[in-house]
Amino acid sequence: MKRTVTVLVASLLSMASTASNVVAEPACGSFNGVVPAGANTTGRFAPFFIDITGLDLGTAPPTRDPSNPSYPRTTELPDGTLPPAGAEGNFIIGPTHAPALETVAKDGVARGTMTSFTMTSNGSVIYDPGVIRDDPPDCPNGAVYSSPTVTGDPSSLIVSTSHPGTWTRRVDVYVPATYRRGAEAPFIVLGDGGMPPYKDLVAILDNLIQPRRVPPLIAIEIASGGQDAQGSERGREYDAVSGTYAEWVEREVLPLVEQHAGVRLTKNPEGRAALGISSSGAAAFTMAWFHPELYRRVLAYSPTLVNQQWPHAPWLRGGAWEYHSAWAGPPGPDLTIDAGVLSPSGPPGSPLIPGSPPKPIRFWFEIGDQDLFYPNAVMADGMHDWVLAAERMAKALAAKGYHYQFVFARNAGHVDPPTIAQTLPAALEWLWQGYPVP
């Protein structure tokens, strides 16, 4: 892994040296939610096409119409209701999102316990050193929004202010009240641990476990490595389309969980789940995709199934966009890496899910009608519409016969808190269907 970090640093230096051959942005850019200036919105078969069909461009981000002909068919539910228990396929909910009753702690319900510990990059093998990006003062993500792209390729962002550094993160472990010491327990790994979307998780698990609606599972909230998007440790871990993050969790996090919380974690992949929000939602799916022998149940809110992988990878130029859709840029060789050597593979442009045999993954995911849309204006690459990505993901999963439930939420933004409070209990119950509850 030390060699991987060396390659990463070399990539940073190489990108900095090509900065003269790019289209620059202002010193401190800002979040975007509209069609980027100069984007290709008319040439459907030309490179980097941005499809604006069915978008209400009067809001930022645009409000998407779920009846868009570019989206797969879906079932619209009465406002305030959720899909029937165990239902699979595509559903529309909202616009009202009242919190589920399970989000509130109840008298008479046994409460689980929490244990916390801290990890640092100095103790890591896989993620040491970490990655830090220098942003302008008082301008979070400013270096990302002001970074240029390679001339003629808006999908390849050059972030020259990223460099090796250290990270410290907290891990919080929920152990249910019914856990029997020494027993192997099912568990769920949560990316972006400690974030507000998980504020009701403990109450939800207590309220679901006691009536045996889900197994007595352990929840492991792992904080991100810091910052966001390209050039950050969080982006490096979550947006990478590889098995590295799952391997880090397996080798470096789970042994510490067992040690600090005094638990035994199951080795059965059917008893292991991953949950995430935004980029950690994409990472949750990536964990199962590359390691189905470790994880087979995935839950994600507003997953970043778009082109966020950084540095730009010539063998997977669209990052997580290529789970469901082909590279949106000009035709070129699709490359694979074997023993450190790049070589052609084919056919060019084959997305991962359509081009692979089905894997034993059960996937619940949600997207909001006002979810992210080209948040970085300089990346007008046709691969940064979160809603279109989720819709195409649903279509790809259906075509390959996956067990999935996709929820399109009206009146909802990115990682929408009311929608999470409304749906998370039912989503967890759906996710664990088929797993024995003792």
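Assorted remarks:
- Per-residue ellipticity at 222 nm computed for the chain from its helices equals -6000 deg cm²/dmol, with DSSP H segments shorter than 4 residues left out and the rest contributing -39,500 (n - 2.57).
- Spatially, the stretch 60-113 and the stretch 34-52 are offset by 31 Å when compared through their Cα centroids.
- Taking the chain as a Gaussian network of alpha-carbon nodes connected by springs under 10 Å, the highest mean-square fluctuation of the residues Asp369, Asp134, Asp206 belongs to Asp134.
- Net charge, Ser121 excluded, C-beta distance under 11 Å - Lys, Arg +1, Asp, Glu -1: -2
- When each full DSSP H helix of the chain is screened for a Cα extent of at least 15 Å along its own axis and an average Kyte-Doolittle hydropathy of at least -1.0, the helices passing are 2-17, 279-290, 386-399, 417-431.
- The convex hull of the Cα atoms of the stretch 292-334, projected and averaged over all directions, covers 4.2 nm².
- 9 Å beta-carbon shell around Pro95, net charge (K/R +1, D/E -1): -1
- Top positive-direction residue, dipole computed over the chain with Cβ charges, set Ser279, Tyr145, Ser121: Ser121
- Spatially, the stretch 269-330 and the stretch 385-421 are offset by 14 Å when compared through their Cα centroids.
- With a cut-off of 10 Å between beta carbons, the residues surrounding Thr166 carry a summed charge of -2, where Lys and Arg count +1 and Asp and Glu -1.
- Contact order relative to length of the stretch 80-173, as percent, for alpha carbon pairs under 8 angstrom and 6 or more apart: 30 percent
- Globularity index of the chain, i.e. its alpha-carbon radius of gyration over 2.2 N^0.38 Å: 0.95
- With a Förster radius of 56 Å applied to the beta-carbon distance between Arg264 and Asp134, the computed FRET efficiency rounds to 0.85.
- For Met287, solvent-accessible area (1.4 Å; no DNA, RNA or ligand), Å²: 10 Å²
- Placing +1 on the Cβ of every Lys and Arg and -1 on the Cβ of every Asp and Glu, with nothing else charged, gives the stretch 64-116 a dipole about its Cα centre of roughly 140 debye.
- Here the chain is assigned +1 on the Cβ of each Lys and Arg and -1 on the Cβ of each Asp and Glu. Its dipole about the Cα centre then comes out at about 1060 debye.
- Residues Leu352 and Met114, FRET efficiency given R0 of 41 Å [Cβ-Cβ distance, rounded to 0.05]: 0.65
- Shape analysis of the stretch 294-426 yields a ratio of the Cα radius of gyration to the Kirkwood radius, Rg/Rh, of 0.99.
- Pairs from Lys199/Lys267; Lys359/Lys395; Lys267/Lys359 whose Cα-Cα separation, in the structure shown, is over 23 Å: Lys199/Lys267
- Positive dipole terminus of the chain, leading residue within Pro358, Ser155, Gln308 (C-beta point charges): Pro358
- Simple rule: put +1 on each Lys or Arg Cβ and -1 on each Asp or Glu Cβ in the chain, find the dipole, and look at Met383, His260, Gln422; the Cα lying farthest toward the positive end is His260.
- Take every pair of alpha-carbon atoms less than 8 Å apart whose residues are at least six positions apart; their mean separation over the length of the stretch 340-438 yields a relative contact order of 35 percent.
- In the context of the full set of protein chains, the chain has a per residue accessible area of 40 Å² (1.4 Å probe).
- GNM flexibility winner over the chain from Asn207, Asn68, Asn32 (Cα, springs under 10 Å): Asn68
- Average Cα contact separation per residue, the chain, under 8 Å, 6 or more apart, as relative contact order %: 21 percent
- In this Cβ point-charge picture (+1 for Lys and Arg, -1 for Asp and Glu), the stretch 135-212 has a dipole of about 460 debye about its Cα centre.
- Per the Debye formula on identical point scatterers at the alpha carbon atoms of the stretch 146-290, with no solvent, log10 I(q)/I(0) at q = 0.10, 0.22 Å⁻¹ is -0.40, -1.48.
- The slack in the chain from Leu77 to Ala177, taken as 0.36 nm per residue of separation less the alpha-carbon distance, amounts to 32.4 nm.
The values are calculated or read from the model by the stated rules, or taken from the named source; none is laboratory data. These numbers were taken from a predicted model, which means no experiment stands behind them. Here the Cβ is made from the backbone with ideal geometry for all residues, glycine too, and neighbour counts use every protein chain on show. With ligands, DNA and RNA removed, areas are computed over all heavy atoms of the protein, side chains included. Shrake-Rupley method; radii C 1.70, N 1.55, O 1.52, S 1.80 Å.
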